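Notes follow once the structure below has been shown.
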Amino acid sequence: GVLRLISMRFCPFAHRTRLVLAAKGIEYETVNVSLKNKPEWFFDINPLAKVPTMQHDGKIVYESLVCNEYLDQVFPGRKMLPEDPLDKARIGMLQAIFDTKILPTIYKIGRTEGEERQDAFKVFKEGLSFIEKDLATSGKSFLGGDQPGYLDYSIWPWFERLPLKLGDDLKLQEAEFPKVLGWQAAMSGRSEVKTCAHALALYKANNANPDPDTGLDNSR
Amino acid sequence: MPSEKAFKTGSSAPDPPAPGVLRLISMRFCPFAHRTRLVLAAKGIEYETVNVSLKNKPEWFFDINPLAKVPTMQHDGKIVYESLVCNEYLDQVFPGRKMLPEDPLDKARIGMLQAVFDDKILGTSFKLGRLEGEERQKAMKVLKDGLSILEKDLVSSGKPFFGGDQPGFLDYSLWPWFERLAMPLRGEKLPEAELPKIVAWQAAMADRPEVKTCAFDNATHLKFVEGYRAGNPDPDVGLAA
């Protein structure tokens, strides 16, 4: 009856599932693994040996968005995914826009300098404008409506880490992205987001010196 | 009968589809669009096709789908894109055999097998055609690892298709790459002794009417891919001049 999440504390993909678990108030235990030096036993559970992976009464589920959909269907509490086919399709299409136009540019901003970085920021903002437009059209605070849903939790992990990528020099302007900035603030204030969050300083320390146990007591 | 020829950069936008008409924006050789053509055929859904060039995309396409990718569907003012999003939408909105299971764990199984395919088979099969020697051997091993996971699933279920007694969401999602497998395998067949269920699945799928409706033969696929490799893909391969 115990749900186990195999995870890594700094993985943004596992973060997606930690958010949904927290949002739905699901009890679970965590086993953290190193993704750089994967334990051999992990491949026996998930042949891709990726996090998040869930074990539940002999069942195994992996892939962050597959885990999230599974949790949404199996556990009670607020529904994260809409029922209506077109609403559901909207979620899938925005996810594709995030995956294609936003996520790669966030990584690029983090990796480049000078003009290349400025260019990446420009492309990032082009992608972000789709999210801005969607929120402006719906008039809602979250992509899931009045409360966060599947898509909000799916993209949040990268927005939590975004200030580190943008640094002091790149800034999203309120005039250009009022809804996205409002969304970011609203998400930051959510209890489930706070439960799962890491301080920016901790992310920074882990980035500088990648270690899945960054911030944990040395006696472990 | 409307032309199957691909709209290119500089072309005028076609009129929007008539009310009630489902339009598929596609490219005849795109494996992702192929996924959706298969589900449309399997569910017996009537639709019209507008083909576009993916190398020289018509500007009007970006107004419909900002990613300007196929498949894209237009239906009574609604727009849906991303092959698996299209397929799930069609499954929910149109009658006929259900492609996706209801049970959460069965649904999760589909998603996990898709991830294995994406990780070990999809990209690898694209690369294999171009690789030689040790690199090719390594890629073949990755491909076979992925195939053996799919094999194990069919052995466990004892069913001919990933969807059970009939093909479903996952069968149609994977099929386009298996139809094109002769190219990366350079004419070799998948080893029947190691992958008996997959080999049988391939034969069973090839025999399905909806698969035949959507299929191109190896020679036609090869002609397109050669053009693609040369930097000049011809979306109209096989059409009368």
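The values are calculated or read from the model by the stated rules, or taken from the named source; none is laboratory data. Everything quoted here is computed from the prediction, not taken from an experiment. As a convention, Cβ positions derive from the backbone with ideal geometry for all residues, glycine included, and neighbour counts pool all protein chains shown. Keep in mind that these areas ignore ligands, DNA and RNA; they rest on the heavy atoms of the full protein, side chains included. Shrake-Rupley method; radii C 1.70, N 1.55, O 1.52, S 1.80 Å.
Brief remarks on what is shown
- Nearby aspartates and glutamates by direct alpha-carbon distance to A:LYS204 (threshold 20 angstrom, same-chain neighbours under 8 apart not counted): A:GLU113, A:GLU160, A:ASP168, A:ASP169, A:ASP213, A:ASP217
- Its Cα centre serving as origin, the protein assembly as shown has a Cβ charge dipole (Lys and Arg +1, Asp and Glu -1) of approximately 440 debye.
- Förster radius 30 Å - calculated FRET efficiency between B:GLU4 and B:MET183, Cβ distance, rounded to 0.05: 0.85
- In this simple spin-label approximation, A:THR137 and B:SER11 carry label points 7 Å from Cα along the Cα→Cβ vector, and these lie 2.5 nm apart.
- With contributions of -39500 (n - 2.57) from each DSSP H run of at least four residues, the per-residue ellipticity at 222 nm computed over chain A stands at -16000 deg cm²/dmol.
- For the pair B:ALA219 and A:ASP213, label points projected 7 Å from Cα toward Cβ lie 6.5 nm apart.
- Charge tally in the Cβ shell below 13 Å around B:GLY129, where Lys, Arg are +1 and Asp, Glu are -1, B:GLY129 excluded: +2
- For residues of B:82-88, the mean tally of beta carbons on other chains within 10 Å: 4
- Approximating the spin labels as points 7 Å out from Cα along Cα→Cβ, the A:LYS79-to-A:LYS59 distance works out to 1.8 nm.
- In chain B, taking the dipole from charged Cβ atoms about the Cα centre, the farthest positive-side position among B:ILE149, B:GLY163, B:ASN232 is held by B:ASN232.
- The range A:77-176, dipole about Cα centre (Lys/Arg Cβ +1, Asp/Glu Cβ -1), debye to the nearest 20: 240 debye
- Normalised by the number of residues in chain B, the mean separation of alpha-carbon contacts (under 8 Å, six or more apart) gives a relative contact order of 21 percent.
- Across peptide A:99-111, the average count of Cβ atoms from other chains found within 10 Å of a residue's Cβ is 1.
- Close amide H contacts of A:ASN32 (hydrogens built in the peptide plane, cut-off under 5 Å, sequence separation of 5 or more or a different chain): A:SER7.
- Entry note, the range A:78-201: relative contact order of 25 percent, from Cα contacts under 8 Å with a spacing of 6+ residues.
- Whole-angstrom gap from the range B:34-73 to the range B:154-225, using each part's C-alpha centre: 22 Å
- Pairs spanning more than 19 Å between alpha-carbon atoms, out of A:LYS122/A:LYS171; A:LYS122/A:LYS165; B:LYS159/B:LYS197; B:LYS5/B:LYS223; A:LYS122/A:LYS194: A:LYS122/A:LYS194.
- Calculated [θ] (222 nm, deg cm²/dmol) that DSSP helices of n ≥ 4 give over chain B, each run adding -39,500 (n - 2.57): -14500 deg cm²/dmol
- Charge-dipole axis of the protein assembly as shown as Lys and Arg at +1 and Asp and Glu at -1 on Cβ define it, positive-most pick from A:PHE130, A:LEU166, B:ALA241: A:LEU166
- Looking at the range A:10-86, the GluC sites (Glu not before Pro) that sit in a DSSP loop and have at most 15 other Cβ atoms within 10 Å of their own Cβ are A:GLU27, A:GLU83.
- For the range B:130-163, applying the loop criterion from DSSP together with a ceiling of 16 other beta carbons within 10 Å to the trypsin sites (Lys or Arg not before Pro) yields B:ARG130.
- Of all complete DSSP H helices in chain A, those with a Cα span along the helix axis of 20 Å or greater and a mean Kyte-Doolittle hydropathy of -1.0 or more are A:114-138.
- A 1.4 Å probe, protein heavy atoms only, puts the accessible area of B:HIS221 near 10 Å².
- Neighbouring partner chain Cβ atoms per residue of A:49-59, average, 10 Å criterion: 1
- Filtered GluC sites (Glu not before Pro), the range A:124-194: DSSP coil and at most 15 other beta carbons within 10 Å: A:GLU174, A:GLU176
- For chain B, the gyration tensor built on C-alpha atoms gives an oblate shape. Its axis ratio a/c (a ≥ b ≥ c) is at least 1.5, and a/b is not larger than b/c.
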